[in-house]
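The values are calculated or read from the model by the stated rules, or taken from the named source; none is laboratory data. Owing to the predicted nature of the structure, the values given are computational and were not obtained by experimental measurement. So basically every Cβ, Gly included, is an ideal-geometry build from the backbone, and we count neighbours across all protein chains shown. The area values use the complete protein model at the heavy-atom level, side chains included, leaving out ligands, DNA and RNA. Shrake-Rupley method; radii C 1.70, N 1.55, O 1.52, S 1.80 Å.
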Amino acid sequence: MFDASMYEFVSTLFMGAVISGGLIVAIGSQNAFLLKTGLTNSHPFAAATVCFLGDFLLIGAGVFGVGALVTVDSVWGALLSLAGTIFLVWYGTMALRSAIHGTSALNIENDDQSPVRLKSTILMALAMTFLNPHVYIDTVVLVGGVTASLSQELKPWFVAGALIASATWFYSLVFVARKLATVLNKPKAWRIINTLIALLMFLIAARLFTSLIVAWV
């Protein structure tokens, strides 16, 4: 049976996986790019690895940079945690709205069969990862706000969960691209995915807000 500390470790690991998973699974140009590399066999392992390493750097900056500089019982930490809570609620609401309307889908064009050089694939993966301004808000600021309420011994567990989700998603996209493309091109599949994302984001927002209240009341 788990003791209290092990339960904390596992729940923090799960929270990291859910937040990371919820952010990267959402429809975006990076996911479309990775699916395309898998479908056309354009150095898919290199593309997925660049995206994963990018997540590693950004999540690490959020947890051990922003998250380490502030604590939930400080003014800046409280503001960051509150901003993280608001973002999670907003993100969950957007996902729920997409689920209700059922119009989301990843449309992958597979007409171009010309070979792509490794250098071109890596540069495109870097651009998809680091040239999107929203990625810094999603990973660095949001993750920093969420982890501000965690103890130092729990933060590595959050990072581990986030990286497990990141690696699972990125490498799955490129290595089972043909099967995933068929599923992810269907709005019905995204209704289910977005509903789950919304529910999990709301739950984590509630947990984060509760930690904030406990620290300040």
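The table that follows gives values for the structure above.
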| quantity | calculated |
| --- | --- |
| Filter result for S149 (in a helix (DSSP H, G or I), out of contact with any strand residue (DSSP E or B) (no Cβ under 9 Å at 6 or more places or on another chain) and among the polar types (S, T, N, Q)) | no |
| Whichever residue in the stretch 24-48 is touching a residue at least 60 places away in the same chain (Cβ under 8 Å) and more than 28 Å from R191 (Cα to Cα) and, among such residues, is surrounded by the fewest Cβ atoms within 10 Å (Cβ to Cβ) | F45 |
| Members of the stretch 80-117 found to be hydrophobic (A, V, I, L, M, F, W, C), modelled with pLDDT under 75 and either in a helix (DSSP H, G or I) or surrounded by fewer than 12 Cβ atoms within 10 Å (Cβ to Cβ) (or both), listed by number | L80 |
| V159 vs. criteria at pLDDT below 85 and either out of contact with any Phe, Trp or Tyr (no Cβ under 8 Å at 6 or more places or on another chain) or in a helix (DSSP H, G or I) (or both) | no |
| Pair list, Cβ under 8 Å, 6 or more apart: the stretch 54-78 residue closer than 24 Å to A125 by Cα, other residue at pLDDT 85 or above and among the basic types (K, R) | V63/K155 |
| Search result, residues across the stretch 155-193 that are of a type outside the set (A, V, I, L, M), touching a Leu at 6+ places or on another chain (Cβ under 7 Å) and under 23 Å from G84 (Cα atoms) | W157, F158, G161 |
| Residue within the stretch 129-146 that is under 24 Å from L184 (Cβ atoms), among the polar types (S, T, N, Q), in a helix (DSSP H, G or I) and at pLDDT 75 or above present | yes |
| Hits in the stretch 173-192 (condition: farther than 19 Å from C51 by Cα and open to solvent by less than 40 Å² (accessible area, probe 1.4 Å)) | L184, A189, W190 |
| Top-ranked residue of the stretch 120-159 - restricted to ones that are among the aromatic types (F, W, Y) and open to solvent by 40 Å² or more (accessible area, probe 1.4 Å), ranked as nearest to W76 (Cα to Cα) | Y136 |
| Matching option when the condition is surrounded by 16 or more Cβ atoms within 10 Å (Cβ to Cβ) and touching a Cys at 6+ places or on another chain (Cβ under 6 Å), among F170, F209 | F170 |
| Pick from the stretch 45-79, criterion more than 12 Å from V141 (Cα to Cα) and outside any helix (DSSP H, G or I), ranking: modelled with the lowest pLDDT | V72 |
